[in-house]
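Chemist: The structure under discussion is supplied below as structure tokens; questions concerning it will follow.
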Amino acid sequence: MTSTLKGITLKGSAELVAEFFSFGINSILYQRGIYPPETFTRVTQYDMSLQLTTDVKLKNYLTNVVSQLKEWLFECTVQKLVLVITCLETNEVLERWQFDIECDKSAKESSAPREKSIKTIQDEIRSVIRQITATVTFLPLLESACSFDLLVYTDKDLVVPDRWEESGPQIISQSEEVRLRSFTTSIHKVNSMVAYKKTDSV
Amino acid sequence: MAEGGDADWELSKENIQPLRRGRAISALNQALSQQQDGPSSAINQQKQSFESELRIYEGDDPLDVWDRYIKWTEQTFPQGGKESNLAMLLERAVTRFTEEQKYHNDPRYVDLWIKFAENCPEPLDTYRYMQAKAIGVTQTSFYIAWSEEYEKQGNFRQADMIYQEGLKNCAEPQDKLLHFHKALQARVSRQVMTSMVMDDSDDEAKHAERVSLADLKHRGKKKAIAPVNRVGAAVKSNSQGLQSQGALASNNAANSRFVVFDENKIHSDEPAEPKVESWMAPPPARAKENEQKPEKWCDVKMPQRSRFGHTLTSLPPSKPTFQPFVEESDQPPTMTPCKINPAVNTVLSARKPCKEETPLKRLQEHHQQAEAGKVQEQSMYCKELLLSGATEFCFEELRAERYRQKIAQDSGTRGQMDQASAGTAN
């Protein structure tokens, strides 16, 4: 991706957003300790250092999801991506990271690039990831071993690919929700939000 | 807040203490916004109502008020600090119920103790004290907190032992205890594995490791010059230098003059059972004899013995050998105007460190006094009520509180009577 390019096309936008999800999911998994920190390696992206997993299985899984997601982003058929953290033992949903994706479908017809520099977009993405990192200030400690799952909400008429299956929404009952920052490539807009189990006090 | 953009919590994330159970975001945002305007009356009002509730509560579960009060404090003062009074509240709360057997294994009470211990300088002492007093001995959370403290200090053996102790005492919920125990074992074994792998990988490097205090072969014929490269061949073979880590372990007995104390070996000889000391006599909070104040190290001179035998204690500070550059336009600093008459010597000075007193020690003293039953003072007023909370109350406040309660009760009963009469009229 050349940063000298001034405009942004649908394809570029899909790629940028998919890249954001790849880094975003990795940092959530690292921050929340879903995988041991030793299995992560540090890379520099968006002018800050981020953690990427080195676990082969997880890597494959994520590349799989992200490449599928890129396709859907390109077709503008995806509505939401949700990362659900569940307790391994009780199967209770503890945290739910939700990314709402708004697609500007008119971009599919006209292939003219939009005016927004990659640098501005990356700045916005950076502040979203920063905020994800900062959420440790109020999120409860995950005391037990947890697993995670990715849910993607798409348009109804989409054919489910082989590797995907339909799933329930996995909502947390009695949750506290915090809206995080959003960013837009002017074609795709991503709103982020985290929901977690309400504290039993107060 | 609508966009979630520049939320308060992100701007002051460094000043928010993370809580184990997380924070309610609404309370957090409220607390942070109020913090900018200074302490608000709403917070003070709520605090006051908790305080008075502590005093006039007459139900059979006084711990509940304390529990709610402390949780509220945690959420309302995200940065902790002195004005939150949290440390004092915790101390008062745990002290208040040490004699109440019914609370000893109440999860709320045990939680308070754990929070109290985490505020103490020596949490382990507090946990031992709890064990001796049989507080929380059937609660899993107690063993988890205790073991985690040991683990934090790197004592995995003890950490493991604590879990076994918990299992022996049938702490509830048991599956949680087992689960945490397993997680600890997994962590320890993984650490051992990785350290073994590391050892294997730097086997090569170990040979070339620098040896300190070793004799070096010199080079040069006229002048002996110590070699720049101080490893390998440069070291005389019969050296008795200090080698670090792994190399030492293999040949320490034969080669070294020092007997190295190995903590782990000693431990394995000891009986596995942790000793339970009796806490009848409170142990000194710290070993006071060996205390040394932290001080500046950079300009301190070792007292040196001069040629004449007496010690030179302090050398005068040497003047710098260079002339500091002063800009021509620079004015000599004007004296800050001093309002205080220089003749008067009542200037503020740093408070002398007072007698060291840890919360745990205070607690033990309190307990001892109560046990001995010889409270020397007898107050002829309800001192307990005035001082029982985090802040002090005065008589009038108490009286007003009672009055309000009575009024509320009266109006309540009157209302009921009204209803009753209305009922009969129908």
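The values are calculated or read from the model by the stated rules, or taken from the named source; none is laboratory data. Everything quoted here is computed from the prediction, not taken from an experiment. Don't worry about glycine lacking a Cβ; one is built from the backbone with ideal geometry, like all the others, and counts go over all protein chains shown. To get the accessible areas, we keep the full protein, side chains included, count just its heavy atoms, and leave off ligands, DNA and RNA. Shrake-Rupley method; radii C 1.70, N 1.55, O 1.52, S 1.80 Å.
Chemist: Hey, what's the Cα Rg ratio for region B:119-169 versus the globular rule of thumb, 2.2 N^0.38 Å?
Modeler: 1.03
Chemist: Hey, another quick one. By its C-alpha gyration tensor, with a ≥ b ≥ c as the square roots of the eigenvalues, how is region A:123-202 shaped: rounded for a/c under 1.5, else prolate for a/b larger than b/c, else oblate?
Modeler: Taking the square roots of the gyration eigenvalues as a ≥ b ≥ c, region A:123-202 is oblate.
Chemist: Okay, moving on. Over the alpha-carbon set of region A:64-113, work out the extent along each principal axis and list the three values in angstrom, largest first.
Modeler: Sorted largest first, the three principal extents are 50, 20, 14 Å.
Chemist: Kindly compute the accessible surface that chains A and B hide from a 1.4 Å probe when together, both sides summed, and give it to the nearest 100 Å².
Modeler: Answer for the A-B pair: about 2300 Å² buried.
Chemist: Now for a different question. Please work out the Cα convex hull volume for region B:79-157 and give it in Å³ per residue.
Modeler: Roughly 96 Å³ of hull volume per residue.
Chemist: Please build a GNM for chain A, connecting alpha carbons under 10 Å apart, and tell me which residue among A:191, A:91, A:26 fluctuates the most.
Modeler: Looking only at A:191, A:91, A:26, the largest GNM fluctuation is found for A:91.
Chemist: Can you bin region B:38-173 into rounded, prolate or oblate? Criterion: square roots of the alpha carbon gyration tensor eigenvalues sorted a ≥ b ≥ c, rounded for a/c under 1.5, prolate for a/b above b/c, oblate for the rest.
Modeler: Oblate, because a/c is 1.5 or more while a/b does not exceed b/c.
Chemist: Rounded to a whole number of µm²/s, how large is the Stokes-Einstein D of region B:104-202 at 25 °C and 0.890 mPa s, given Rh as the Kirkwood radius over C-alpha pairs?
Modeler: Answer from the Stokes-Einstein relation: 175 µm²/s.
Chemist: Enter the mean number of other protein chain beta carbons within 10 Å of the beta carbon of each residue in B:12-21, as an integer.
Modeler: 4
Chemist: Could you check the spin-label model distance between residue B:168 and residue B:380? Points 7 Å from the Cα along Cα→Cβ, value in nm.
Modeler: Simple spin-label model gives 5.3 nm for this pair.
Chemist: Now for a separate question. Could you work out the per residue convex hull volume over the alpha carbons of region A:1-80, in cubic angstrom?
Modeler: It comes to 101 Å³ per residue, whole-number rounded.
Chemist: Shifting gears a bit: Give the average, rounded to an integer, of partner chain Cβ atoms located within 10 angstrom of each Cβ in B:65-72.
Modeler: Neighbouring Cβ atoms belonging to other protein chains average 1 per residue here.
Chemist: Equivalent ellipsoid semi-axes for chain A, as square roots of 5 times the alpha carbon gyration tensor eigenvalues: give them largest first, rounded to whole Å.
Modeler: 28, 19, 17
Chemist: For chain A, which span is the longest to avoid every loop-located (per DSSP) member of trypsin sites (Lys or Arg not before Pro) having at most 12 other Cβ atoms inside 10 Å?
Modeler: Excluding the exposed sites themselves, the longest stretch runs over A:7-104.
Chemist: Using protein chains only and a probe of 1.4 angstrom, how many square angstrom of residue A:184 are accessible, to the nearest 10?
Modeler: Spelled out: residue A:184, probe radius 1.4 Å, area about 40 Å².
Chemist: Classify region A:81-155 from the C-alpha gyration tensor, please: rounded if a/c falls under 1.5, else prolate or oblate depending on whether a/b exceeds b/c.
Modeler: oblate
Chemist: Please compute, for peptide A:176-187, the average count of beta-carbon atoms on other protein chains lying within 10 Å of each residue's beta-carbon.
Modeler: Rounded to a whole number, the mean comes out at 3.
Chemist: Grab the other residues whose beta carbon is less than 13 angstrom from that of residue B:105, score K and R as +1, D and E as -1, and report the net.
Modeler: Result for the neighbourhood of residue B:105: -1.
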